[in-house]
Amino acid sequence: MSDFPTKARVVIIGGGVIGASSLYHLAKKGWTDCVLLEKNELTAGSTWHAAGNVPTFSTSWSIMNMQRYSTELYARLGEEVDYPMNYHQTGSIRLAHTKERMQEFERACSMGRYQGIEMEIWTPEQAKEHYPFLETHDLEGVLWDPSDGDIDPAQVTQALAKGARDMGAKIIRFCPATGVTQKEDKTWIVHTEKGDIACDYVVNAAGYYAQRVGEYFKPYGGRTVPMMVMSHQYLLTEQIDEIEAHVKESGKKLPLIRDVDVSYYLRQEKNGYNLGPYEPNCRGHWMSEDDQMPDDFSFQLWQDDLDRIEDIVTDAMERVPLMATSGVSSVFNGP
Ligand SMILES: Cc1cc2nc3c(=O)[nH]c(=O)nc-3n(C[C@H](O)[C@H](O)[C@H](O)COP(=O)(O)OP(=O)(O)OC[C@H]3O[C@@H](n4cnc5c(N)ncnc54)[C@H](O)[C@@H]3O)c2cc1C
């Protein structure tokens, strides 16, 4: 392969949203002589099936700041790199069941406002005005975050990749990194089946393979990447006429609902719902000798397991009874 690069300032291993974002941001800062290696197609890991929620809320200043930056980037990226994408800033309503949760919201709200995010604390009645399908009788109040939204995860990855390529960075798909060696002068050599690339830095953006890629660095003082693979599910409902009518009348999508105490988000997807639980008894995968991580899991999912999330689904249907009027159209259960 004659145009295969043999030298780069940085080699990024992994072409999910994190790898593509790293390449884009390095190029933006002038480091255009960087290469991204993806063993399959861009987004093949966790990125292709992500629900695409883009929150800004956090109780950590720096995480909120980083997420705020993302919302600003996503709002301009499509035009900047000439790659139109679906990004909806719908706002979100975060539910408080207790006074303690309200205190947390008040603190986050002050922090958010200081960072320029116009968060507000609303009464349950105000929440109902903005979200007529919401049951609010047992709530203390809610946090309104106008900057919350959702994006198509594959589109944002492709947009970042296009932006990086346009600035001169290289992306090589279907080219797994197979190992690294470090020379005496500290130069890294990243090995692939297509050839070796010498570079100053290597970025491990291999998603759920990051621990495996981390092993390449062990002989040079690298440590075990502390991680494990969890299964995460979300379900999509069929279309709901009332949502379609609401969108027609109001001219906008419903805000996302987040209930951190019960532990789920519920957002409008087309004219139905996307319900994503964060399971208290989440299932780990690929943790034992007889359940080893496959060499390739590109664009794959696990069998859904709705029994595990039944209690959360029931709670969400009581919170938004409209959701209970439709059936489940599909389930995503991915790493
Ligand atoms: C069901 C579900 C819903 C989710 N919803 C959301 C959401 O709403 N909002 C949100 O922010 N996050 C969400 N996430 C999390 C999100 O998907 C991940 O955090 C994100 O996609 C991780 O991106 P990544 O680039 O780190 O990893 P990945 O997308 O997994 O990318 C890693 C890439 O590295 C490649 N790779 C691995 N090894 C090598 C190698 N040796 N050489 C070359 N390439 C290699 C893989 O093929 C892969 O493409 C969700 C996750 C799941 C499972």
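If P219 meets every condition in (1) in contact with a strand residue (DSSP E or B) (Cβ under 6 Å, 6 or more places away or on another chain); (2) loosely packed, with under 14 Cβ neighbours inside 10 Å; (3) in a helix (DSSP H, G or I) apart from one, which number is that one?
(1)
Which ones in segment 34-50 are crowded, with 19+ Cβ neighbours inside 10 Å and in contact with a Ser or Thr (Cβ under 7 Å, 6 or more places away or on another chain)?
L37, L42, T43, A44, T47
Any residue in segment 91-104 that's part of a helix (DSSP H, G or I): show its pairings with residues that are surrounded by fewer than 22 Cβ atoms within 10 Å (Cβ to Cβ) and of a type in the set (S, T, Y) at Cβ separation under 9 Å, as long as the two are six or more apart or on different chains.
That search, which allows pairs on different chains as well, returns E104/T59.
So, in segment 175-192, how many residues would count as being in contact with a His (Cβ under 8 Å, 6 or more places away or on another chain) and within 14 Å of the ligand (Cβ to nearest atom)?
Quick first cut of segment 175-192, residues in contact with a His (Cβ under 8 Å, 6 or more places away or on another chain) only: 177-181.
Restricting the remaining residues to those that are within 14 Å of the ligand (Cβ to nearest atom) gives 177-180.
Residues that pass the stated criteria total 4.
Which of the residues belonging to segment 279-292 are in a loop (DSSP other than H, G, I, E, B) and modelled with pLDDT under 95? First the steps, then the outcome.
Initial filter on segment 279-292 (in a loop (DSSP other than H, G, I, E, B)): 279-283, 286-287, 289-290, 292.
Matches in segment 279-292: E279, P280, N281, C282, R283, M287, E289, D290, Q292.
In the set K170, K183, which member is basic (K, R) and closer than 29 Å to M66 by Cα? Before you say what the answer is, go through the steps one by one.
Numbers: K183 fails: closer than 29 Å to M66 by Cα.
The conditions single out K170.
Looking at D145, D82, D150, D138, which one is under 30 Å from P5 (Cβ atoms) and either in contact with a Pro (Cβ under 9 Å, 6 or more places away or on another chain) or not small (G, A, S) (or both)? Working first, answer last.
Working: D145 fails: under 30 Å from P5 (Cβ atoms); D150 fails: under 30 Å from P5 (Cβ atoms); D138 fails: under 30 Å from P5 (Cβ atoms).
Being under 30 Å from P5 (Cβ atoms) and either in contact with a Pro (Cβ under 9 Å, 6 or more places away or on another chain) or not small (G, A, S) (or both) holds for just one of D145, D82, D150, D138, which is D82.
Which of the residues belonging to segment 51-60 are surrounded by fewer than 22 Cβ atoms within 10 Å (Cβ to Cβ), in a loop (DSSP other than H, G, I, E, B) and at negative phi?
If the condition is that a residue be surrounded by fewer than 22 Cβ atoms within 10 Å (Cβ to Cβ), in a loop (DSSP other than H, G, I, E, B) and at negative phi, then A51, P55, S58, T59, S60 are the ones that fit.
If S110 satisfies all but one of (1) among the hydroxyl-bearing types (S, T, Y); (2) assigned to a loop (DSSP other than H, G, I, E, B); (3) closer than 30 Å to E72 by Cβ, what's the number of the condition it fails?
That leaves (2) as the condition not met.
Give the residue that is farthest from the ligand (Cβ to nearest atom), with candidates limited to residues of segment 16-50 that are part of a helix (DSSP H, G or I) and small (G, A, S). Give the steps one after another, and end with the answer.
So in segment 16-50, the residues part of a helix (DSSP H, G or I) come out as 17-28, 47-49.
Subset that is small (G, A, S): 19-22, 27.
Details: G19: 5, A20: 7, S21: 8, S22: 9, A27: 17 Å.
Selected residue: A27.
State all residues of segment 25-53 that are over 10 Å from S298 (Cα atoms) and of a type in the set (D, E, K, R); if no residue qualifies, say none.
Selection gives K28, K29, D33, E38.
Which one of these does M85 not meet: (1) outside any helix (DSSP H, G or I); (2) within 12 Å of the ligand (Cβ to nearest atom); (3) not β-branched (V, I, T)?
Failed condition: (2).
Under 7 Å by Cβ, and 6 or more places apart or on different chains, what pairs join a residue from segment 213-229 that is within 18 Å of I12 (Cβ to Cβ) with one that is among the basic types (K, R)?
none
The values are calculated or read from the model by the stated rules, or taken from the named source; none is laboratory data. Treat the numbers as computed from the prediction; the structure is a model and nothing was measured. Cβ sites come from the backbone with ideal geometry, for glycine too, and all protein chains shown count toward neighbours.
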